[in-house]
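No value in this document is a laboratory result; all are computed from the given coordinates. If you're wondering where the values come from, they're calculated on a predicted model, not measured in any experiment. All Cβ positions, glycine included, derive from the backbone under ideal geometry; neighbour counts span all protein chains shown.
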Amino acid sequence: MRPKILWALCLSFCFSGTFANPDSTFYFRADLSITNNGFSIIPAFTLGNPAAFLDMRIGNRRLSFEPQFRYALEGRPWSFVFIYRYKAIVKPKFQLTLGGHLPGLNYITRTVNVNGIDEQLSVTRRFLALEIMPTYKISNHASIGIYYLRGHGFQQHGPQISNFLSLQGSFTKLKLIGKSYFNFNPQVFYLKLDNDDGYYVNASTTIGIKGFPFTISSIVNKAVQSTIPAKDFDWNVSLIYTIDKHFTIK
């Protein structure tokens, strides 16, 4: 699918989702986090060093814009992803979300000779991706869903075609002691990058206190069987600061 067509679809989602109901409640959420290990479930995008993330969500009941900005701690950009999502079906128990990464930018370091001097420079790799997410709500604290993403790379030094299919669980705001809670998000997934593929298990756990903006999160990722060049096991721990606001436009 050509980039112009993807942008046209995205704009149509914006107009249909934003102006269909003039009395709309909007939200803004920003998660600023620092982690000991910046890794990605797509190994070609893994940094492998301490990193800082800024993940934002801006939207209403139907449409959201969710940009992600990620840097190595020394200040070098790692990846920027501009995600648009539209809830095509919104039911009490079922939701179907369509999305697009328009675009995704991944930065890698390469040695380049400039006037006879070797320098480490950042090289940008560009990607487009489409995603589909059906989700079924089991209770106020539990849901299950399927996530499918298909990506296309525009350069030879990186994945050309990527397919990601996962079965995901979401368990949120589970009470611990007092005001403390935890979230648990397991998934099993299949990943295919060009001619290589693999099966993985992955889980993230977040611990927080209600009304307190800081949380601690950890992600573990384990390859079950894979031909993709990457670590068989990877993990990280992150400290996250969250801003979460809601407002109404009439």
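Observations
- In degrees, nearest ten, helix 3-19 long axis to first principal axis of the chain (Cα): 20 degrees
- Our Cα-only numbers for the chain put the radius of gyration and Dmax at 19.2, 64 Å.
- For segment 154-171, Karplus couplings with θ = phi - 60° (6.51, -1.76, 1.60), whole Hz, Gly/Pro x: 9, 9, 7, 8, x, x, 8, 10, 10, 10, 10, 9, 9, 9, 10, x, 9, 10
- Footprinting exposure proxy for THR25, THR205 (fewest neighbouring C-beta atoms within 10 Å first): THR25, THR205
- Rounded to the nearest 0.05, the FRET efficiency derived from the C-beta distance between ASP118 and ILE58 at R0 = 35 Å is 0.25.
- Rounded to the nearest 20, the size of the Cβ-charge dipole of segment 26-169 about its Cα centre is 780 debye, with Lys and Arg at +1 and Asp and Glu at -1.
- Highest-first arrangement of 37-47, 71-81, where packing means the average Cβ count within 10 Å: 37-47, 71-81
- Kirkwood Rh, angstrom, segment 139-185 [1 / mean 1/r, Cα pairs]: 13.5 Å
- Where only DSSP H runs of four or more residues are counted, the chain gives -2500 deg cm²/dmol as its mean residue ellipticity at 222 nm, each run worth -39500 (n - 2.57).
- The ranking of VAL224, VAL188 from fewest to most other beta carbons within 10 Å of each one's beta carbon is VAL224, VAL188.
- Label point distance in nm, TRP235-ALA30, each placed 7 Å from Cα along Cα→Cβ: 3.2 nm
- Taking a point 7 Å from the Cα of ASN49 along the Cα-to-Cβ direction, the residues of segment 57-89 with backbone N closer than 14 Å to it are 71-79.
- Segment 73-140 versus segment 218-234: alpha-carbon centroid distance in Å: 20 Å
- Here, P(r) means the percent of Cα pairs in each 10 Å bin from 0 to the largest distance; for segment 162-250 it is 15, 35, 27, 18, 5, 0.
- Length gained on full extension, VAL220 to ILE132: 29.3 nm, using 0.36 nm per residue less the C-alpha separation.
- Look at the dipole of the chain built from charges on Cβ: of ILE219, TYR86, THR205, the Cα furthest out on the positive end belongs to TYR86.
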